[in-house]
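Working notes for the structure below.
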Amino acid sequence: MKPIPIHARNPGPMTGDGNWTWLIPGRVPTLVDAGTGDAGHLAEVSDALGERTMAQVLVTHAHVDHVSGAVPMAALQPTARFAKMPWLPRDERWPVAWQPIADEEHIEAGDTTLVAIHTPGHAPDHLCFWHEETRSVFCGDLAIKGSTVWIPGTDDGDVGAYLASLERVLALEPARLYPAHGPVMDDPQRVLRDYIEHRRRREAQVLEALEQGDSSAEQLTARIYRALQPALMTLAQQGVVAHLRKLEREGRVRREGEAWNIMKP
Ligand SMILES: [Zn+2]
């Protein structure tokens with residue numbers, strides 16, 4: 001399997017350099033992630049397909065930079081099927097005939113078979129696609145080289161689930177990650193272990209700040225991210241709230257209004 005990276009041409013404050021989509025050529029031409037409908041992206045996908053028509057587009061999750069290109073792609077490739085793990089009602093924002101993918105479903109792609117791996121945390125519907133023969137993972141937003149992954153501080157995000165997802169992919173002993181952002185990772189086990197370690201450190205920082213007497217998410221964020229640009233503070237605060245919600249679920253902190261407090265035994 002030799003997937004072809006095709007850039008979605010959507011750089012921006014939330015996407016950095018923009019997204020990679022991955023074309024798997026062969027008997028069942030398959031695109032992993034849909035991009036955002038940029039005309040240059042659509043043209044490059046068509047060029048890469050050559051005489052073939054697209055058989056299917058597999059979407060890792062329903063964040064706009066991965067999924068919103070589905071509608072213009074469906075107009076150009078009317079026989080392609082579009083598939084993802086359902087996230088309702090969010091999926092209805094992109095009206096194509098979505099087919100559901102279940103955890104551990106085997107999917108013919110290119111000249112081979114991928115296995116869907118449900119990896120929630122960054123988004124509830126997040127899927128990775130595992131190719132066992134090459135020990136490769138199309139990892140969506142599970143990992144981004146040189147950067148941490150944003151976990152929303154709302155019901156959409158779940159740090160505990162994200163850690164379990166990292167452990168699950170690590171247990172596959174992958175040799176390569178094909179991400180939606182940034183370069184291919186040829187040292188995935190180290191990358192995934194670093195992420196797990198980073199989250200443990202962040203959780204320890206949150207608990208330490210609570211011990212110091214900070215209680216609002218704003219105070220905690222200011223203590224943990226001292227030198228952060230103001231523009232990034234809102235995102236950072238959401239990440240702190242995501243950690244607080246994990247600790248709350250585990251019965252280790254309690255929320256009272258805007259205040260978070262450590263539960264003492
Ligand atoms: Zn995302």
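When Lys and Arg each count +1 and Asp and Glu each count -1, what net charge do the other residues less than 14 Å away from E197, Cβ to Cβ, add up to? My count for the surroundings of E197 gives +3.
Rounded to the nearest 10 degrees, the angle from helix 188-211 to the longest Cα principal axis of the chain is 30 degrees. Summing +1 for each Lys or Arg and -1 for each Asp or Glu among the other residues whose beta-carbon sits under 14 angstrom from that of H181 gives -2. Contact order, relative form, for the chain: 13 percent (alpha carbon pairs under 8 Å, 6 or more residues apart, mean separation divided by residue count). Answer rounded, prolate or oblate for segment 1-106, using the Cα gyration tensor with square roots of eigenvalues a ≥ b ≥ c: rounded when a/c is under 1.5, else prolate when a/b is larger than b/c, else oblate. Because its axes are fairly even, with a/c under 1.5, segment 1-106 counts as rounded.
Would you mind classifying segment 4-186 by shape? Square roots of the alpha carbon gyration tensor eigenvalues, ordered a ≥ b ≥ c; an a/c under 1.5 is rounded, otherwise it is prolate if a/b is larger than b/c and oblate if not. In terms of gyration-tensor shape, rounded.
Over segment 4-186, what is the percentage of antiparallel beta bridges among all DSSP beta bridges, to the nearest 5?
Values: 22 of 35 bridges.
Here the share of antiparallel DSSP bridges comes out near 65 percent.
Annotation: lysines with alpha-carbon distance below 20 angstrom to K264 (same-chain offsets under eight excluded): K246.
Count the net charge of all other residues whose Cβ sits under 14 Å from the Cβ of H63, scoring Lys and Arg as +1 and Asp and Glu as -1. Before the final figure, lay out the partial values.
Working: positive: K84, R90, R93; negative: D33, D65, D91, D125, D141, D156.
Taking every Cβ under 14 Å from that of H63, the sum is -3.
In plain terms, the chain from R252 to I196 could stretch by 18.2 nm, reckoned as 0.36 nm per residue minus the Cα-Cα distance.
From most to least packed by mean Cβ count within 10 Å, the peptides 36-46, 67-77 give 67-77, 36-46. In degrees from 0 to 90, rounded to the nearest 10, what is the angle of the helix 230-249 Cα long axis to the longest principal axis of the chain? Around 80 degrees separate the two axes.
Rounded, prolate or oblate for segment 85-132? Axes are the square roots of the Cα gyration tensor eigenvalues, ordered a ≥ b ≥ c, and the cut-off for rounded is a/c under 1.5.
Cα axes put segment 85-132 in the oblate bin.
Any read-out appearing in this document is the output of simple, stated calculations on the displayed coordinates, not a laboratory observation. Since this is a predicted model, take the numbers as computed values, not measurements. Backbone-built Cβ (ideal geometry, glycine too); neighbour counts: all protein chains shown.
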